[in-house]
1. Once you list every other residue whose beta carbon is under 15 Å from the beta carbon of Asp61, what net charge do they have if Lys and Arg are +1 and Asp and Glu are -1?
2. 7 Å from Cα along Cα→Cβ at both Arg66 and Arg45: what's the point-to-point distance in nm?
3. Given a 1.4 angstrom probe, I'd like the percentage of the accessible area of the chain that is carbon and sulfur, rounded to a whole number.
4. For region 2-55, what is the convex hull (Cα atoms) projected area averaged across all directions, in square nanometres?
5. When the chain is modelled as a GNM with alpha-carbon springs shorter than 10 Å, which of Gly65, Gly55, Gly106 fluctuates the most?
6. Just to confirm my numbers, what's the Cα centroid distance between region 88-123 and region 16-63 in Å?
7. So what is the accessible area of the chain per residue, in Å², with the probe set to 1.4 Å?
8. Loop only by DSSP, 10 or fewer other Cβ within 10 Å of the Cβ. Give me the GluC sites (Glu not before Pro) in region 42-123 that pass, ordered by residue number.
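The values are calculated or read from the model by the stated rules, or taken from the named source; none is laboratory data. Every value quoted in this text rests on a predicted model; they were computed, and no experiment measured them. Here Cβ is always computed from backbone atoms with ideal geometry, including for glycine, and neighbour counts include all displayed protein chains. Accessible surface is based on the protein model in full, side chains and every heavy atom, while ligands, DNA and RNA are left aside. Shrake-Rupley method; radii C 1.70, N 1.55, O 1.52, S 1.80 Å.
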Amino acid sequence: QVQLVESGGGLVQPGGSLRLSCAASGSIFSINAMGWYRQAPEKQREWVATITSGGYTHYADSVKGRFTISRDNAKKLAYLQMNSLKPEDTAVYYCNAELAVVVGGGRQVNDYWGQGTQVTVSS
């Protein structure tokens, strides 16, 4: 069973920090790009950050300079360090990854999503 599981969400005051983790597990041959998305109530899911297989990072303008995405390939983990949090950052945060999974004697590339973790920024 291949899956992504997010953790690290919670309640934090404005200006505070949180670090989200995304753990990939299962028969994974390799991990390509990984990213973070978020969705606030009654709003569309929006892209937050991406890290490529080569380690290049990209950020939405709304989080640039405050959030940092990273990955640990050996541990099959991705992180989102969130600093200087604002109330408008409140959302369910989802991990996304393109994984090459082991299928029989070969591999297959699929896109996976985690279940989401709630981040609430409030005073």
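1. Working: positive: Arg38, Lys64, Arg66, Lys86; negative: Glu46, Glu88, Asp89.
Overall, the nearby charge balance is +1.
2. Spacing of the two 7 Å Cα→Cβ label points: 2.2 nm.
3. Taking all protein chains in place, the chain shows 46 percent carbon and sulfur surface.
4. Result: 5.1 nm².
5. Sorting by GNM fluctuation, first place goes to Gly106.
6. So the two Cα centres are separated by 7 Å.
7. Numbers: 6590 Å² over 123 residues.
Averaged over the residues of the chain, the accessible area is 54 Å².
8. Working: sites: Glu42, Glu46, Glu88, Glu98; in loops: Glu42.
Those that pass, being in a loop and sparsely packed, are Glu42.
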